[in-house]
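To start, the structure itself, in structure tokens.
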Amino acid sequence: MLDERKIAFITCVNSDWWYDECKLYLKHLKIPENMSAEFIDVRNAASMTAGYNFAMKNSNAKYKIYLHQDTFVVNKNLIADLLKIFSDKSIGVVGVIGCVNLPATGVWWDGLRTYGRVLHACEPESVVDSECNEPEGDYQVVEAVDGLFLATQYDLTWREDLFDGWHLYDTSICKEMSRAGYKIVIPNQSNDFWCIHCPKEKPLDPKYRRYQKIFLKEYGNELNPEV
């Protein structure tokens, strides 16, 4: 039985420095009355899906937030904001940036209508407010969100059988949630962004294309790209 008064923060970790910083921000979040939080760091994971499945199976928290070790949550009211959105039981996933309709490539940032907001700090003294369209109401229903921050209120198995690396696991779980009948949403962040993301600028991993082909083989006929 999952504990409806518990939230788990789950991170695959390969750097103590980054995770300590990530956890420092999480420790400063406001925990609503009668709620508790746990922090699960997964070490030496074979893949993102393997790490997330392990953590998911070992936590009884109803609400789980999967985030990168270089994601810093600055919205101190994050948990209350999530609980408000998740009061709609048809919502399975909340992310902070993504697209309404996945394009034929299956890559969310190629989508015509992207929503959300993230403060990117890729290099020292270089901060970019990656601001896409803003939801008109409390949130925007989308098809996929980025894995830098991904909150759920239902446990579905991450597709470890298909995505045994570090790419497209996030878009895959969004499609799995859709298959299960749940919505994926991005909150309104017009007042302030929820997350700072500090990824290193690097070329696209050549392995990405391999997982892109796997994704399109599995979900391609479910896509409705906009033209």
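Of note:
- Residue list for segment 176-208, restricted to those being under 13 Å from the mean Cα position of the chain (by Cα) and farther than 21 Å from T71 by Cα: M177
- Within segment 138-162, considering residues that are aliphatic (A, V, I, L, M) and over 21 Å from D3 (Cβ atoms), the one farthest from the chain's Cα centre (by Cα): L162
- Answer residue from segment 37-60, given it is touching a strand residue (DSSP E or B) at 6+ places or on another chain (Cβ under 8 Å) and among the hydroxyl-bearing types (S, T, Y) and is surrounded by the fewest Cβ atoms within 10 Å (Cβ to Cβ) among those: S59
The rows are residues; the columns are (1) of a type in the set (G, A, S); (2) in contact (Cβ under 8 Å) with a residue 24 or more places away in the chain; (3) surrounded by fewer than 19 Cβ atoms within 10 Å (Cβ to Cβ); (4) in a loop (DSSP other than H, G, I, E, B).
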position	(1), (2), (3), (4)
K62	no, yes, yes, no
G106	yes, yes, no, yes
L112	no, yes, yes, yes
G116	yes, yes, no, no
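- Any strands (runs of 3 or more DSSP E) falling wholly within segment 119-227 and containing at least 3 residues that are out of contact with any His (no Cβ under 9 Å at 6 or more places or on another chain) and modelled with pLDDT of 95 or more: 139-142, 149-152, 183-187
- Close pairs (7 angstrom Cβ cut-off, 6 or more residues apart or separate chains): crowded, with 17+ Cβ neighbours inside 10 Å in segment 155-179, in a loop (DSSP other than H, G, I, E, B) and of a type in the set (K, R) anywhere: S172/R159; E176/R159
- Matching residues, segment 38-71, being more than 18 Å from the chain's Cα centre (by Cα) and of a type in the set (A, V, I, L, M): A46
- Taken over segment 68-87, the criterion of being among the charged types (D, E, K, R) and surrounded by 14 or more Cβ atoms within 10 Å (Cβ to Cβ) is satisfied by D70, D81.
- Some residue of segment 112-130 being under 26 Å from L216 (Cα atoms) and in contact with a Leu (Cβ under 6 Å, 6 or more places away or on another chain): no
The values are calculated or read from the model by the stated rules, or taken from the named source; none is laboratory data. Treat the numbers as computed from the prediction; the structure is a model and nothing was measured. Virtual Cβ from ideal backbone geometry, glycine too; neighbours counted across all protein chains shown.
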